[in-house]
Amino acid sequence: MTGTPAPGTIIETRGLDLWYGPCQALKEITILIPANRVTALIGPSGCGKSTLLRCFNRMNDLVPDCRVAGLALYHGADINAPGYDVVELRKRVGMVFQKPNPFPKSIYENVAYGPRIHGERDRATLDAVVERSLRSAALWDEVEDRLQEPALGLSGGQQQRLCIARTLAVEPDVILMDEPCSALDPIATAKIENLIDDLKKRYTVIIVTHNMQQAARVSEFTGFMYLGELVEYGETLQVFERPAERLTENYITGRFG
């Protein structure tokens, strides 16, 4: 253990730096992510939002020449420490990507995939997990009679909710969402936003979004990033209506970005 987390905090960074080769992408990021809340990360393209998000479940490990310094803590434990169980981390801190990426399998097998990988073989248990996860992702009523059909036959919005169900099937604590609505139409986007509002009752959600209106609608906390730095972080209402930093105000009011 690295230290006791602040009350109500599930993920924390302290002075986190990250480099891709010689390029520093994150600079001295210190942030507290509260449990069972929605936290949004906003900022212009290339500011480090998605890089920071991927630090929370070590997805940056997959990037060649990536180097991290400082602390990234999950329940107070340093997730970058030697010997830390990355497989377990990615089970507990799941991720939904910008573009829906269902497997070329049936709807059922997409959701059952994670539990199977983690050793679940009992069919009745898998059936229950699949139904529970699809219900939690607000998709069950639309697909309950089509579970053996190819997942790739679903609409884009349905595919994204299926990916959320697939993440929920392994019972995470945290759901990371990297621009989950950028490829969706307004109706599908509204369904995802309603789903996020429901998910926070049981999970911690961290969302990267270019859409400031979306951040204002779905999140309780917002971090504004610029050039790899966390410029401002606080309650969403305060960040949007009474920003402490001029740079934040200029971005939110559309003066740049």
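The values are calculated or read from the model by the stated rules, or taken from the named source; none is laboratory data. For clarity, every value in this text was computed on a predicted model and none was experimentally measured. Glycine also receives a Cβ, built like all others from the backbone with ideal geometry; neighbour counts cover every protein chain displayed. Remember, those area values only see protein heavy atoms, side chains included, never the ligands or the DNA or RNA. Shrake-Rupley method; radii C 1.70, N 1.55, O 1.52, S 1.80 Å.
Give me the pairs: first residue in segment 12-32 and under 16 Å from Gly234 (Cα atoms), second residue among the aliphatic types (A, V, I, L, M) and open to solvent by 70 Å² or more (accessible area, probe 1.4 Å), beta-carbon distance under 7 Å, and six or more apart or on different chains, which are they?
Final answer for the pair search is Glu12/Leu32.
Given the options Leu32, Leu53, name the one that is open to solvent by less than 20 Å² (accessible area, probe 1.4 Å), over 18 Å from Tyr84 (Cβ atoms) and modelled with pLDDT of 95 or more.
Working: Leu32 fails: open to solvent by less than 20 Å² (accessible area, probe 1.4 Å).
That would be Leu53, the only listed residue that is open to solvent by less than 20 Å² (accessible area, probe 1.4 Å), over 18 Å from Tyr84 (Cβ atoms) and modelled with pLDDT of 95 or more.
If I go through segment 142-156 residue by residue, how many of them are open to solvent by 10 Å² or more (accessible area, probe 1.4 Å) and either part of a helix (DSSP H, G or I) or charged (D, E, K, R) (or both)?
Of the residues in segment 142-156, 8 are open to solvent by 10 Å² or more (accessible area, probe 1.4 Å) and either part of a helix (DSSP H, G or I) or charged (D, E, K, R) (or both).
If you take just the helices (runs of 4 or more DSSP H) that sit entirely in segment 179-257, which of them hold at least 2 residues that are of a type outside the set (D, E, K, R), open to solvent by 10 Å² or more (accessible area, probe 1.4 Å) and out of contact with any Phe, Trp or Tyr (no Cβ under 7 Å at 6 or more places or on another chain)?
Working: elements: 186-199, 212-218, 236-241, 246-252.
The helices (runs of 4 or more DSSP H) meeting that bar are 186-199, 212-218, 236-241.
Return a yes/no flag: does segment 56-79 have any residue that is under 15 Å from the mean Cα position of the chain (by Cα), modelled with pLDDT of 95 or more and polar (S, T, N, Q).
Scanning segment 56-79, I find at least one residue that is under 15 Å from the mean Cα position of the chain (by Cα), modelled with pLDDT of 95 or more and polar (S, T, N, Q), so the answer is yes.
Looking only at residues that are within 22 Å of Phe221 (Cα to Cα) and at pLDDT below 95 in segment 1-25, which one is surrounded by the most Cβ atoms within 10 Å (Cβ to Cβ)?
Of everything passing the filter in segment 1-25, Pro5 is surrounded by the most Cβ atoms within 10 Å (Cβ to Cβ).
Kindly evaluate Arg92 against the criterion of being under 17 Å from Val170 (Cβ atoms), among the basic types (Lys, Arg) and in contact (Cβ under 8 Å) with a residue 40 or more places away in the chain.
Yes, satisfied.
Quick check: anything in segment 95-106 farther than 20 Å from Asn57 by Cβ, open to solvent by 10 Å² or more (accessible area, probe 1.4 Å) and of a type outside the set (S, T, N, Q)?
Initial filter on segment 95-106 (farther than 20 Å from Asn57 by Cβ): 104-106.
Then drop every residue that is not open to solvent by 10 Å² or more (accessible area, probe 1.4 Å), which leaves 104-106.
Filter again for of a type outside the set (S, T, N, Q), leaving 104-105.
Within segment 95-106, one or more residues are farther than 20 Å from Asn57 by Cβ, open to solvent by 10 Å² or more (accessible area, probe 1.4 Å) and of a type outside the set (S, T, N, Q).
(1) closer than 30 Å to Thr248 by Cα; (2) of a type in the set (A, V, I, L, M, F, W, C); (3) at pLDDT 95 or above: which one isn't true of Phe97, the others all being true?
(3)
Which of the residues belonging to segment 181-215 are among the small types (Gly, Ala, Ser), in contact with a helix residue (DSSP H, G or I) (Cβ under 8 Å, 6 or more places away or on another chain) and touching a residue at least 40 places away in the same chain (Cβ under 8 Å)? Break it down into steps so the answer makes sense when it comes.
Within segment 181-215, the subset among the small types (Gly, Ala, Ser) is 182-183, 188, 190, 215.
Now restrict to residues that are in contact with a helix residue (DSSP H, G or I) (Cβ under 8 Å, 6 or more places away or on another chain): 183, 188, 215.
Selection gives Ala183, Ala215.
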